[in-house]
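The structure appears right after this line, and notes come after that.
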Amino acid sequence: MLSTSQSESNGVLHIRLSGRLDSLSAPELEERLRDAAVGHVRRFLLDLSDLDYVSSAGLRVFLAFAKLVRRAGGQLAFCGLKDEVRQVFELTGFTDILSISSTADEALRAWTG
Amino acid sequence: MEKTLRLPAELGSLEPFRLFVLQCARDLAVHESRVPQIELVLEELLTNLVFHAYKEARGDVELACFPRGDAFCMRICDWSSPFNPLERPPPDLSAALEDRPIGGLGIHLVRKMADGLDYRRENDQNIVEICFRRDTQQDNRDA
């Protein structure tokens, strides 16, 4: 089970994921992120503080979204990775190609200076 | 001490297989720190089967859990045509974001997380065996 919530402030769409991002829940998130990408916001913060599990199906969704945002000239950051999720990001080299902060505040500071 | 569960090879079977493995891991005193990796390896191999081995065809998957020495092992059998998931070429992890292909990471994660991995074709079945060190609660108390 995956639940998502989002809020917008100062031009940043803060998307919080909670639960499990697996083959069953990935299609729903993919759709939600595609919708988010065509909105007016250009900065996206994916907050994984409450995400317990991610499989390659979830990584595919993250990667597709990162490419979409990049092509549209926007910015994307991830924050709050738990150990299990961080390990998956590290083993697949995602930590090298994505912008990852420990906390939401840290990610927001990097953008607003 | 082997337990098995046989279900249709479809996404709807993921959750019952997962709950089955969680129970087996508990019964065999697998340390909780290893459980997320076991879950992930199971999901990657099962989805690989559903999407790549059986494709449009229908069939079953049988999952067995058993101990082997200090290890917790899973054996995944299917009756599709010969298909060795471990033959997938490794992904290029050094590619830039724009050049990263979407996909191909699942089997890579399986290789990284399992301590032992083996494929064989036997009696018209594909058989994949995956073992994890149990890192049992007892080991941790001793450490």
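The numbers here are math on the coordinates, done by the rules we state, and not lab data. Computed from a predicted structure; not experimentally measured. In this analysis, Cβ positions are derived from the backbone assuming ideal geometry, glycine residues included, and neighbour counts consider all displayed protein chains.
If a/c stays under 1.5 just call it rounded; otherwise compare a/b with b/c (prolate if a/b is bigger, oblate if not). Do that for chain B, with a ≥ b ≥ c from the square roots of the Cα gyration tensor eigenvalues.
Taking the square roots of the gyration eigenvalues as a ≥ b ≥ c, chain B is oblate.
Label separation (A:Ser18 vs A:Asp96): 3.5 nm, computed from points 7 Å beyond Cα along the C-beta direction.
For the stretch A:2-112, rounded, prolate or oblate, judged on the Cα gyration tensor with a ≥ b ≥ c (square roots of eigenvalues), a/c < 1.5 rounded, else prolate if a/b > b/c?
Numbers: a/c = 1.42, a/b = 1.22, b/c = 1.17.
Cα axes put the stretch A:2-112 in the rounded bin.
Here the gap between B:Glu2 and B:Glu32, fully extended at 0.36 nm per residue and compared with their Cα-Cα distance, gives a gain of 8.8 nm.
Which one of B:Leu19, B:Tyr54, B:Cys65 is farthest out on the positive end of the charge dipole of the stretch B:3-142, using unit charges on Cβ (Lys, Arg +1; Asp, Glu -1) and the Cα centre as origin? The residue sitting most towards the positive pole is B:Cys65. Legend: ranking of residues A:Tyr53, B:Tyr119 from fewest to most surrounding C-beta atoms inside 10 Å; resulting order B:Tyr119, A:Tyr53. Span-like helix criteria (full DSSP H runs; alpha carbon extent of at least 18 Å along the helix axis; mean Kyte-Doolittle hydropathy of at least -0.5) are satisfied in chain A by A:56-71. For the modelled label position 7 Å from the Cα of B:Arg111 along Cα-to-Cβ, which residues of the stretch A:57-99 have backbone nitrogen atoms closer than 14 Å? Answer for the stretch A:57-99: A:91-93.
About its Cα centre, the stretch A:2-112 has a charge dipole of approximately 460 debye under the convention of +1 per Lys or Arg Cβ and -1 per Asp or Glu Cβ, with nothing else charged. Among A:Arg32, B:Arg120, the order by Cβ neighbours within 10 angstrom, fewest to most, reads B:Arg120, A:Arg32.
Under the definition of Cα pairs under 8 Å and six or more residues apart, what whole-number percent is the relative contact order of the stretch A:2-112? Spell out each step's value before the answer.
Numbers: 173 pairs, mean separation 27.7, N = 111.
Computed over the stretch A:2-112, the figure is 25 percent.
How many percent of DSSP beta bridges within the protein assembly as shown run antiparallel, rounded to 5? Restricted to the protein assembly as shown, the bridges split so that about 70 percent are antiparallel.
Inter-label distance, B:Lys55 to B:Leu19: 3.3 nm, where each label sits 7 Å from its Cα along the C-beta direction. With each label modelled as a point 7 angstrom along the Cα→C-beta vector, the A:Thr103-B:Leu93 pair spans 3.0 nm.
Please compute the length gained on full extension between B:Glu62 and B:Glu10, using 0.36 nm multiplied by the number of residues separating them and subtracting their Cα-Cα distance.
Details: separation 52, 0.36 × 52 = 18.72 nm, distance 1.21 nm.
Full extension of this stretch gives 17.5 nm more.
Once the C-beta distance of A:Asp52 and B:Arg120 is scaled by a Förster radius of 30 Å, the resulting FRET efficiency is 0.35 to the nearest 0.05.
Magnitude of the Cβ-charge dipole of the stretch B:3-142, K/R +1 and D/E -1, about the Cα centre, nearest 20 debye?
Details: 18 positive and 24 negative charges, 45 e Å.
So the magnitude is around 220 debye.
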